[in-house]
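What follows is a short report on a single structure.
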Amino acid sequence: MTEQDLNQIMDEVLICKKCGLYKERHRVVFGSGNPQAPIFIVGEAPGFEEDKTGVAFVGKSGQLLEKILLACNFSREKEVYMGNIVKCRPPQNRNPVIQEQAACLPYLERQIEIIQPKIIILLGSTALKAFFGPSSRITKERGTWRSWFRYPVMPTYHPSALLRNPHLKRDAWEDFKKVILKYRELVDKQHYCKYI
Ligand code: URA
């Protein structure tokens, strides 16, 4: 059922022209991972590699995210589904503007409602602001659990910020450790992670 419902949204997204980003996209990046995943990771927007392949988080940021997930003993195949605030690449990787976000966000909200994750991770300022409003600050709010409707939400730095500022990695790892503990609390008491 889940996959069928997601496919229906995908059919809509593939022909979407609700904002101008469709004009330059090569591929729509719908979202990827396990459609029954307990963890939903929300990024900002597809980049060059994602636009080329249609798969979320396959470029440099995605590779770093993959390493972090591996350290947590989480995988895309099992525990994780990944999507973005907007599903088409903004030209030159600029931040998606508010109108583009507003046009695209309902698709993501429907995906979340279908997948019903136990935990949502927001990567970076754009995702945090899209969920909690423009006065949110990632530097202040990362690492603290928030609620979005009935979902526990952990905001943390976007992997591209970690690539630009490696000294932020320590804080990001603290945030992911909290996710592991919450995962043990809500999903699997036995979840193994060699680091905590
Ligand atoms: N950055 C994002 O926010 N999302 C992607 O899918 C890739 C890079």
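The values are calculated or read from the model by the stated rules, or taken from the named source; none is laboratory data. These numbers were taken from a predicted model, which means no experiment stands behind them. Please note: Cβ atoms are built from the backbone with ideal geometry, for glycine as well, and neighbour counts cover all protein chains shown. Only protein heavy atoms, including side chains, enter the accessible area calculation; ligands, DNA and RNA are left aside. Shrake-Rupley method; radii C 1.70, N 1.55, O 1.52, S 1.80 Å.
Observations on the structure shown:
- Computed with a 1.4 Å probe on the full set of protein chains, the accessible area for residue 100 sits at about 20 Å².
- Extent along principal axes [Cα atoms of segment 57-196; Å; largest to smallest]: 43, 33, 29
- Placing +1 on the Cβ of every Lys and Arg and -1 on the Cβ of every Asp and Glu, with no other charges, gives the chain a dipole of roughly 620 debye about its Cα centre.
- Only helical runs count toward this figure. For the chain, summing -39,500 (n - 2.57) over DSSP H runs of n ≥ 4 and dividing by all residues gives -13500 deg cm²/dmol at 222 nm.
- In segment 61-121, inverting the average of 1/r over every pair of distinct C-alpha atoms gives 13.4 Å as the Kirkwood radius.
- Accessible area in the full protein assembly, largest first, 1.4 Å probe, for 57, 149, 132: 149, 132, 57
- Residue-normalised accessible area of the chain, given per residue in Å² at a 1.4 Å probe: 52
- Relative contact order of segment 100-172, pairs being alpha-carbon contacts under 8 Å that are 6 or more residues apart, as %: 29
- For the set 157, 195, 22, the ranking by accessible area, highest first and with no ligand, DNA or RNA atoms included, is 195, 22, 157 under a 1.4 Å probe.
- Residue list for segment 27-52, given a label point 7 angstrom along the Cα-to-Cβ vector of residue 5 and an amide N cut-off under 18 Å: 31-41
- Antiparallel DSSP beta bridges within the chain, as percent of all bridges there, nearest 5: 30
- Residue 139 exposes around 100 Å² of accessible area when a 1.4 Å probe is run over every protein chain in place.
- Only protein atoms count toward the accessible area here, which uses a 1.4 Å probe; on the chain, the carbon and sulfur part of that area reaches 51 percent.
- Folded to 0 to 90 degrees: helix 60-72 orientation relative to the chain principal axis, Cα: 30
- Stretching the chain fully between residue 185 and residue 12 yields a gain of 58.7 nm (0.36 nm per residue, less the alpha carbon separation).
- Per-residue SASA entry for residue 123, accessible area with 1.4 Å probe, Å² rounded to 10: 0
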